[in-house]
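Engineer: Encoded as structure tokens, here's the structure I'll be asking about.
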Amino acid sequence: MPDVTIINGRLVTMAGPAGPRRGEAMSELAEIESGWIAIENGRIHGLGEGSPPEDMVSDVVLDLDGRIVLPTWIDCHTHACWTGSRLDEWEAMLTGVNYTEILEAGGGILSTVRAVRSATQEELTEALFDRLGRLQSFGTGAIEVKSGYGLTTESELKMLRAIHAASQDAETMVAGTFLGAHAIDTEQPDFVDRVIEETLPTVTDEFPGITCDAYLEEGAWSLDQTRRLFEHAQALGCPLRLHTDQFNSLGGVPMAIELGARSVDHLEAITPSDVELLGRSNTIGVLLPSSGFHLDQRYAPGRDLIDAGASIAIGTNCNPGSAPTSSMPLTMAIACRRCGLTPAEAITAATWNAACVLGIDGDVGSLEVGKRGDLQVLDERDSRSVVWHFGSPPPPIVLLDGRPVQFLAESDPAGEEDREE
């Protein structure tokens, strides 16, 4: 017998063919207007239209009265493992100091690097675990967390071990990414060589097959340096991702596509020719619109990318400097208003395509039999409301691995005027 059965829900299943979706397929949500889901032993045991068969009805039945059921969000780009504060920098930005000026003055990423180096692994794990709970409260069920605030072999390992430790106790799925190429530490002689020849192989010895990322930007890693890192990473069996075209277009998109990177992330400064190139590739473009909202009101051309045929995902970029947010719904709402996505495209970008970025689409990202029982119930009956609202309350029900991690029983989606006395 199933552990829980959901009935009378509007199911946004996201079911469909394998692989990241692009073009018109990004608008296909595979909705079931009125359906049921049965969960057993943490997995989706059955689902369908109408009423469930008798053998799919558990002792625990949730009647949703037409409310929306979605897969939980997949936050495929975060820097959620950090300590310290960047509030002073944020206040300086409000007075007109830009982010690159902060970086050049030794702030920005390097400010957090100093705080992380002085923290213990246990302190980093605790800080991350707290943020995972916050992300989860917004309906996020899986998250990528990057290192990159260590910039020494010892501190990068400390971060990755903290990320792994947090993942062992969290209900949220956590994927760690090695971002030793997050900045250039000018105080370390031969820093780039050290990352490539010492830190990378040491990390892959302890975390085989870990994804390798880099920040390609003026004042950070150059195109040639990033290529060297990526070629070494590929030889060690690492999938590739790239921060690129945030402030300047330096050739990162063509290089990433050439090397078969899973994603190129940011893309606020992508050129029209690279938009077309990405549209013809298998590399996914990851939009991070919360950074534009927080920093400079610059946004990736999501509409142009989708129209060119590119597969698009969305992440919060949760970090202390350029995107201090845990909310996927808010990030999606910005993507619709500033990157030109439709509501359906934003949902696809935040679920199925984001799962494809992380290579976990066999487990999550859609509601299908055999997948993890990771789902959320919204106080809405129209899926477009997910991004029409911004700053909206958290979903009243969140299940992860089939277990309720959020259950706000007092919630009343119908409103006072529709409540039966």
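The values are calculated or read from the model by the stated rules, or taken from the named source; none is laboratory data. Remember, predicted model here, so these are calculated numbers, not experimental data. Please note: Cβ atoms are built from the backbone with ideal geometry, for glycine as well, and neighbour counts cover all protein chains shown.
Engineer: Got a number for residues in the range 214-262 being surrounded by fewer than 20 Cβ atoms within 10 Å (Cβ to Cβ) and either of a type in the set (Phe, Trp, Tyr) or on the phi > 0 side of the Ramachandran plot (or both)?
Structural biologist: Here the count works out to 5.
Engineer: Tell me, yes or no, whether the range 53-70 has at least one residue that is small (Gly, Ala, Ser), free of Cβ contacts under 8 Å to residues at least 60 places away in the same chain and more than 30 Å from Glu217 (Cα to Cα).
Structural biologist: Checked against the condition, which is being small (Gly, Ala, Ser), free of Cβ contacts under 8 Å to residues at least 60 places away in the same chain and more than 30 Å from Glu217 (Cα to Cα), the range 53-70 yields at least one hit.
Engineer: Looking at (1) farther than 30 Å from Pro289 by Cα; (2) touching a strand residue (DSSP E or B) at 6+ places or on another chain (Cβ under 7 Å); (3) modelled with pLDDT under 90, can you tell me which one Arg419 breaks?
Structural biologist: For Arg419, the failing item is (2).
Here is a yes/no grid of residues against (1) hydrophobic (A, V, I, L, M, F, W, C); (2) in contact (Cβ under 8 Å) with a residue 24 or more places away in the chain; (3) in a helix (DSSP H, G or I):
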{"site": "Gly96", "(1), (2), (3)": "no, no, no"}
{"site": "Thr100", "(1), (2), (3)": "no, yes, yes"}
{"site": "Leu103", "(1), (2), (3)": "yes, yes, yes"}
{"site": "Val113", "(1), (2), (3)": "yes, yes, yes"}
{"site": "Arg117", "(1), (2), (3)": "no, yes, yes"}
{"site": "Leu124", "(1), (2), (3)": "yes, yes, yes"}
{"site": "Leu128", "(1), (2), (3)": "yes, yes, yes"}
{"site": "Leu132", "(1), (2), (3)": "yes, yes, yes"}
{"site": "Tyr149", "(1), (2), (3)": "no, yes, no"}
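Engineer: Now, a different point. Please go through the range 147-193 and pick out each residue that is among the acidic types (Asp, Glu), in contact with a strand residue (DSSP E or B) (Cβ under 7 Å, 6 or more places away or on another chain) and under 25 Å from Leu216 (Cβ atoms).
Structural biologist: Within the range 147-193, Glu156 is the sole residue that qualifies.
Engineer: Check Thr120, Thr100, Thr125, Thr83 and return the single one that is in contact with an Asp or Glu (Cβ under 8 Å, 6 or more places away or on another chain) and modelled with pLDDT of 95 or more.
Structural biologist: Thr83
Engineer: With respect to the numbered conditions (1) in contact with an Asp or Glu (Cβ under 9 Å, 6 or more places away or on another chain); (2) over 25 Å from Arg241 (Cβ atoms); (3) crowded, with 19+ Cβ neighbours inside 10 Å, which one is the sole condition not fulfilled by Leu64?
Structural biologist: Every listed condition holds for Leu64 apart from (1).
Engineer: Listed residues Ser155, Ser167; which is surrounded by fewer than 24 Cβ atoms within 10 Å (Cβ to Cβ) and free of Cβ contacts under 8 Å to residues at least 12 places away in the same chain?
Structural biologist: From the options Ser155, Ser167, the qualifying one is Ser167.
Engineer: All but one of (1) assigned to a loop (DSSP other than H, G, I, E, B); (2) in contact with a Gly (Cβ under 9 Å, 6 or more places away or on another chain) hold for Ser249; state the number of the condition that does not hold.
Structural biologist: Looking at each condition in turn, Ser249 falls short on (2).
Engineer: May I pose another question? Could you tell me whether any residue of the range 104-121 is over 20 Å from Ala183 (Cα atoms) and either of a type outside the set (A, V, I, L, M) or assigned by TED's automatic domain parsing to the domain that holds Arg298 (or both)?
Structural biologist: Yes, the range 104-121 has at least one match.
Engineer: Now for a separate question. Quick check: is even one residue across the range 221-237 in the same structural domain as His79 (by TED's automatic domain parsing), under 16 Å from Asp265 (Cα atoms) and modelled with pLDDT under 95?
Structural biologist: no
Engineer: Also: Could you tell me which numbered condition Met1 fails, if it satisfies all but one of (1) closer than 27 Å to Trp352 by Cβ; (2) more than 28 Å from the chain's Cα centre (by Cα)?
Structural biologist: Tallying (1) closer than 27 Å to Trp352 by Cβ; (2) more than 28 Å from the chain's Cα centre (by Cα), Met1 fails exactly one: (1).
Engineer: Tell me whether the range 16-29 contains one or more residues that are at pLDDT 95 or above and in a strand (DSSP E or B).
Structural biologist: No, there is no match, as no residue in the range 16-29 is at pLDDT 95 or above and in a strand (DSSP E or B).
Engineer: Same structure again: Looking for whichever is polar (S, T, N, Q) and outside any helix (DSSP H, G or I) here; the options are Ser155, Ser58. Which one fits?
Structural biologist: So the residue among Ser155, Ser58 that is polar (S, T, N, Q) and outside any helix (DSSP H, G or I) is Ser58.
Engineer: Taking the condition in contact with a strand residue (DSSP E or B) (Cβ under 7 Å, 6 or more places away or on another chain), within 26 Å of Thr351 (Cα to Cα) and part of a loop (DSSP other than H, G, I, E, B), does Cys238 pass?
Structural biologist: Against the criterion (in contact with a strand residue (DSSP E or B) (Cβ under 7 Å, 6 or more places away or on another chain), within 26 Å of Thr351 (Cα to Cα) and part of a loop (DSSP other than H, G, I, E, B)), Cys238 qualifies.
Engineer: Would you check which residues across the range 122-152 are surrounded by fewer than 17 Cβ atoms within 10 Å (Cβ to Cβ) and either more than 27 Å from Lys371 (Cα to Cα) or of a type in the set (Phe, Trp, Tyr) (or both) and list them?
Structural biologist: Within the range 122-152, Glu122, Glu123, Glu126 qualify.
Engineer: Report, ordered by the first and then the second residue, all pairs with beta carbons closer than 6 Å, sequence separation of six or more or different chains, a first member in the range 254-277 that is in contact (Cβ under 8 Å) with a residue 40 or more places away in the chain, and a second member that is assigned to a loop (DSSP other than H, G, I, E, B).
Structural biologist: These pairs meet every condition: Arg262/Pro239; Asp265/His77.
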